[in-house]
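Just below is one structure, and these are the notes that go with it.
The values are calculated or read from the model by the stated rules, or taken from the named source; none is laboratory data. As the structure is a prediction and not an experimental result, all values here were calculated from the model. A quick note on method: Cβ atoms are made from the backbone with ideal geometry, for glycine too, and the neighbour counts reach across all protein chains shown. Surface areas here come from the heavy atoms of the whole protein model, side chains and all, with no ligands, DNA or RNA. Shrake-Rupley method; radii C 1.70, N 1.55, O 1.52, S 1.80 Å.
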Amino acid sequence: MKRLSARRRHPLAAVVVLLLALGVVGGLYATFSPSGTAEAADDASSLQIQEGKGLYITSCSSCHGLNAEGTSDGPGIAGVGAASVDFQVGTGRMPLQSRENQGPAKKQFFTEKETAAIVAYVASIAPGGAPVPAPEQYATDGDLQEGGEIFRTNCASCHNFIGKGGALTQGKYAPNLTEVDPKHIYEAMVTGAGKGAMPTFSDGILTPDQKKDVITYIKSIHEQPDPGGFAAGRIGPVAEGLLVWTAVIGALIGAAVWLGARPS
């Protein structure tokens, strides 16, 4: 007992006890804390999916089916991916107001929270498709010049050189891009924008950085001022000058003919 008591009074005994206590506490924290955090995250995700299921059944299942298998009134959307659902719902294209050839963008029917819940539920039904992009993927800090070249090569034939859109065949049209949220532009590129005529630009066709460059170019066009007060399509100074010259000269010729035809 004397020998044991002497060891307990050793100068390093307190240090050893403290290290043992810290080790036990650290082990307990490592054992229980991550599990609790994961369980909390799983619970939050499960609640979001349940909320999305209720919204889906109420507002979407009549066209897309109870299990997203599709019906005669709407296509199956199981496995289309979170980005596709987020684009269609987030831009107000879904729910459709009428069976048009191409659903137009309109005021968003669901809140951001409700949209995220519907996206989570549909994505939980079947894996596949592109995920909702992260904010850094559609940030407008890309290469402006590179984005302009890519846009003119791949997009201008439908959306025109300044992204104002235009009519296509079979009743379809390319929408105006200048006021579209950057996230939805990115989603449109990776999903093909649903029933529209737009192709799908996978990462093998346009890298994520190139997609960011295109978004940067589109948003820069929207932010450019028009000192004259009228953009005239921004098709270039030569074409715009010719248009104005033709209109002015035509008006002068018309006025001269009209004055000359008046009886004296």
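What number comes out for the charge environment of residue 141, summing +1 per Lys or Arg and -1 per Asp or Glu over other residues with Cβ under 15 Å away?
On the way: positive: 183, 211, 212, 219; negative: 136, 143, 146, 209, 213, 223.
Summing Lys/Arg as +1 and Asp/Glu as -1 gives -2.
Between residue 140 and residue 202, what length comes free when the chain is fully extended (0.36 nm per residue of separation minus the Cα-Cα distance, one decimal in nm)?
Working: separation 62, 0.36 × 62 = 22.32 nm, distance 1.94 nm.
Taking residue 140 through residue 202 to full extension adds about 20.4 nm, to one decimal.
Could you state the accessible area per residue of region 70-207 in Å², with a 1.4 Å probe and every protein chain left in place? Display every interim value, and only then the final one.
Values: 7150 Å² over 138 residues.
Here the per-residue accessible area is 52 Å².
Over region 129-220, what is the mean sequence separation of C-alpha contacts under 8 Å (at least six apart), divided by residue count, expressed as relative contact order in percent?
Working: 136 pairs, mean separation 39.9, N = 92.
Answer for region 129-220 is 43 percent.
Would you mind putting 182-193, 248-259, 136-147 in packing order, based on average other-beta-carbon counts within 10 Å, highest first? Numbers along the way, then the final one.
Working: 182-193: 22.2, 248-259: 9.7, 136-147: 15.8.
In descending order of packing, they fall as 182-193, 136-147, 248-259.
Using θ = phi - 60° and the Karplus form 6.51 cos²θ - 1.76 cosθ + 1.60, what ³J(HN,Hα) does each residue of region 204-221 get, whole Hz, x for Gly and Pro?
For region 204-221, the Karplus-derived couplings read x, 9, 10, 5, x, 5, 5, 4, 4, 4, 5, 4, 4, 5, 4, 5, 5, 4 Hz, x marking Gly and Pro.
Determine which lysines satisfy two conditions relative to residue 53: a Cα distance under 20 Å, and not lying fewer than 8 residues away in the same chain.
In chain and number order, the partners are 113.
By the scheme Lys and Arg +1, Asp and Glu -1, what is the net charge of all other residues having a beta-carbon under 14 Å from that of residue 60? If you can, show how the numbers build up before the last one.
On the way: positive: 53, 93; negative: 51, 69, 73, 86, 114.
That works out to -3.
Farthest toward the dipole's positive end in region 70-211, which of 88, 161, 206, given Cβ charges of +1 (Lys, Arg) and -1 (Asp, Glu) about the Cα centre?
88
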